[in-house]
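Colleague: Pasting a structure here, questions to come.
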Amino acid sequence: METWPAVIALIISGMALAVSAITAWLTFFRIGKLRMTRPSLIFFGYDTTPGKPDPKVFLRGLLFSTSKRGQLIENLYVRLKRGEAAQNFSLWFHGDSNGLSVGGGLFVGSDGVATNHHFVLSSDQKHFSFQPGILSLEVFGNVVGKQTELLFKTELTLTSEHAEALSNIDCGLHFNWGPESRTYYAHIDRRPERLSSKELLALASRSEEFGARQGIMK
């Protein structure tokens, strides 16, 4: 009978050690994955420079890590697919009303980072035009030390009216998420807010100061 207290103490010590090991693994060693919530708003429009309108995809969502260690994002990009045709929007900017930063080196912890994401065509990519039909929108993330991950995917329907509106660089198309209907509703914006590439790069020059506030790792 005298051995029972010792056995119970040994069991409790073993359980405490197991809990400590699990906590250490979850906190320090578990790599986890990068995840993205469903964007409440997706926008198709244009980023304009004099004489050269560039199609742009804008969305707002929360990026978060499934582990306490967090994730260091090298780059995000968007792919639009229509039938067999696909186009990558590989030039990434992120930020809120305080300014935009050139994408790259964004650290995302378990608490997440909610911000605006702007995607435009790089200078070596072909011209893209918005055509009617069902568009598949995919968001990919490049995390340091990992392969490219698909973070979000959805299908959006562009009607002939939408495509005609988007042939005008002064028009844009909003897709707002309806949580009850579980679908996106399209709305044509005749005067969307636009930033030129030159303005984006000027704002990006303040990325170091802005990045300190947003948790960007240089």
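FYI, it's all coordinate maths here, none of it is from the lab. From a predicted model like this one, the values you see are computed outputs, not experimental measurements. Counting neighbours? That spans all protein chains shown, and the Cβs are built from the backbone with ideal geometry, glycine included.
Colleague: May I ask which of K56/K146; K68/K146; K56/K126; K33/K126 have a Cα-Cα span longer than 25 Å here?
Modeller: Cα-Cα > 25 Å for K56/K146; K33/K126; rest within.
Colleague: Amide H neighbours of Y184 under 5 Å, counting only residues 5+ apart in sequence or on other chains, H built in-plane at 1.01 Å?
Modeller: Excluding prolines and chain starts, which carry no amide H, the hits are G178.
Colleague: Return the long-range amide H neighbours of K56 (sequence gap of 5 or more, or a different chain), with a cut-off of under 5 Å between placed amide H atoms.
Modeller: G45, Y46, D47
Colleague: Continuing with this model, one more query. Which of H117, H94 comes first, and how do the rest follow, when ranked by fewest Cβ neighbours within 10 Å?
Modeller: H117, H94
Colleague: Measuring from centroid to centroid over Cα atoms, what is the spacing of segment 128-167 and segment 81-118 in Å?
Modeller: Taking the Cα centre of each part, segment 128-167 and segment 81-118 sit 13 Å apart.
Colleague: In nm, what is the difference between 0.36 nm times the number of residues separating T66 and S136 and their Cα-Cα distance?
Modeller: Taking 0.36 nm per residue and subtracting the Cα distance, the gain is 22.6 nm.
Colleague: Suppose the chain between E74 and T37 were pulled fully straight at 0.36 nm per residue; how much longer would it get relative to their current alpha carbon spacing?
Modeller: Once the chain is fully extended between E74 and T37, it gains 11.4 nm.
Colleague: While we're looking at this one, here's another question. Could the peptides 77-85, 132-140 be put in order, highest first, of the mean number of other beta-carbon atoms found within 10 Å of their residues?
Modeller: Working: 77-85: 15.1, 132-140: 16.7.
Top of the packing list down: 132-140, 77-85.
Colleague: Next question, about the same structure. Suppose the chain between D189 and S160 were pulled fully straight at 0.36 nm per residue; how much longer would it get relative to their current alpha carbon spacing?
Modeller: 8.9 nm
Colleague: Hey, with R₀ at 45 Å, roughly what FRET efficiency would D124 and E180 work out to, going by the Cβ-Cβ distance, to 0.05?
Modeller: Plugging the Cβ-Cβ distance into 1/(1 + (r/R0)^6) gives 0.60.
Colleague: What are the ³J(HN,Hα) values, in whole Hz, obtained from phi via the Karplus relation 6.51 cos²θ - 1.76 cosθ + 1.60 with θ = phi - 60°, for each residue of segment 158-169 in sequence order, with x given for Gly and Pro?
Modeller: For segment 158-169, the Karplus-derived couplings read 9, 7, 4, 5, 5, 5, 5, 5, 6, 6, 9, 5 Hz, x marking Gly and Pro.
Colleague: Per-residue HN-Hα couplings for segment 75-92, Karplus 6.51 cos²θ - 1.76 cosθ + 1.60 at θ = phi - 60°, whole Hz, x for Gly and Pro?
Modeller: Each residue of segment 75-92 in turn: 6, 10, 8, 10, 10, 9, 10, 9, x, 8, 8, 9, 9, 8, 9, 9, 8, 10 Hz.
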